[in-house]
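The values are calculated or read from the model by the stated rules, or taken from the named source; none is laboratory data. Note that the structure is a prediction, hence the values are computed from the model and not measured. All Cβ positions, glycine included, derive from the backbone under ideal geometry; neighbour counts span all protein chains shown. Note: areas computed on protein heavy atoms with side chains; ligands, DNA, RNA excluded. Shrake-Rupley method; radii C 1.70, N 1.55, O 1.52, S 1.80 Å.
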Amino acid sequence: MLTFVSGLVDAASFLGLGRVFVANMTGNVVFLGFALSGVAQLSALASAVALAGFLAGAFAGGVWRRGSEPGDLFAPLIAFQALLLALALATQAADWGRHAVLVPLACGMGLQNAVVHRLGVPDLTTTVMTRTLTGLAVDRPGPASLRRGMSVTMLAAGALAGGLLHAQAGVEAVLVTALALLLGVIVAAFPRREGAAGGRASPPRRE
């Protein structure tokens, strides 16, 4: 679901905020180079703002409660990502300019990537698919192939949904959808974490 959200927000930023990514930093670095070379319709400032926001979010997600179990941090950090997305939606609605929208969006995606990195699930990424596609092509089919295939599929599906929503209703509709999905992820994550904690605290009694 987080991978689907990545596709949504990149559709919103690329199509609605001027050819800049907030999740795919590989593309953003390339765009920055293109913009500095003088290519029309690309903004070096927008790419730099997105890169800085992403790095800030990733740094915060990496240092926060560093000694804690990554699984215990998943729901709280995704909740903070949802707050950043809500802030981006508010700034877009208030028409404060694209940079004001890009910063919280990019920070949120940096935070998401930090969460996934700390979880350390093999072959599972939520934004960049170059290494994932390479693994699909090079390695023998196996359990990792399913995770890789799902990652690619969900990112493409999110981008498709974001493109369709943007064409029909604009950036706000894409961001609202992404926010709703993040809230669903949070609701699904908290009971599981609490249930696991409850199981450790109150083992079943022997009859």
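Worth a mention:
- Check on ALA94, loosely packed, with under 12 Cβ neighbours inside 10 Å, free of Cβ contacts under 8 Å to residues at least 12 places away in the same chain and among the aliphatic types (A, V, I, L, M): yes
- Residues being among the polar types (S, T, N, Q) and open to solvent by 40 Å² or more (accessible area, probe 1.4 Å) - total across the stretch 25-56: 3
- Here ARG19 fulfils each of the conditions (1) open to solvent by 60 Å² or more (accessible area, probe 1.4 Å); (2) farther than 27 Å from GLN168 by Cβ apart from (2).
- Helices (runs of 4 or more DSSP H) fully within the stretch 93-207 counting 3 or more residues that are farther than 18 Å from ALA82 by Cβ and either among the polar types (S, T, N, Q) or modelled with pLDDT of 85 or more (or both): 98-119, 130-138, 143-169
- Selection status of GLY61, in contact with a Lys or Arg (Cβ under 9 Å, 6 or more places away or on another chain), assigned to a helix (DSSP H, G or I) and within 22 Å of SER151 (Cβ to Cβ): yes
- Residue within the stretch 57-80 that is open to solvent by 70 Å² or more (accessible area, probe 1.4 Å), over 12 Å from ARG118 (Cβ atoms) and free of Cβ contacts under 8 Å to residues at least 40 places away in the same chain present: yes
- Scanning the stretch 129-158 for residues that are of a type in the set (D, E, K, R) and within 17 Å of THR3 (Cα to Cα), we see that the one that is surrounded by the most Cβ atoms within 10 Å (Cβ to Cβ) is ARG148.
- Residues that are in a helix (DSSP H, G or I) and of a type in the set (S, T, N, Q) were ranked within the stretch 1-56; the one that is farthest from GLY97 (Cα to Cα) is THR3.
- The criterion of being more than 15 Å from ALA12 (Cβ to Cβ) and modelled with pLDDT of 95 or more does not hold for PHE74.
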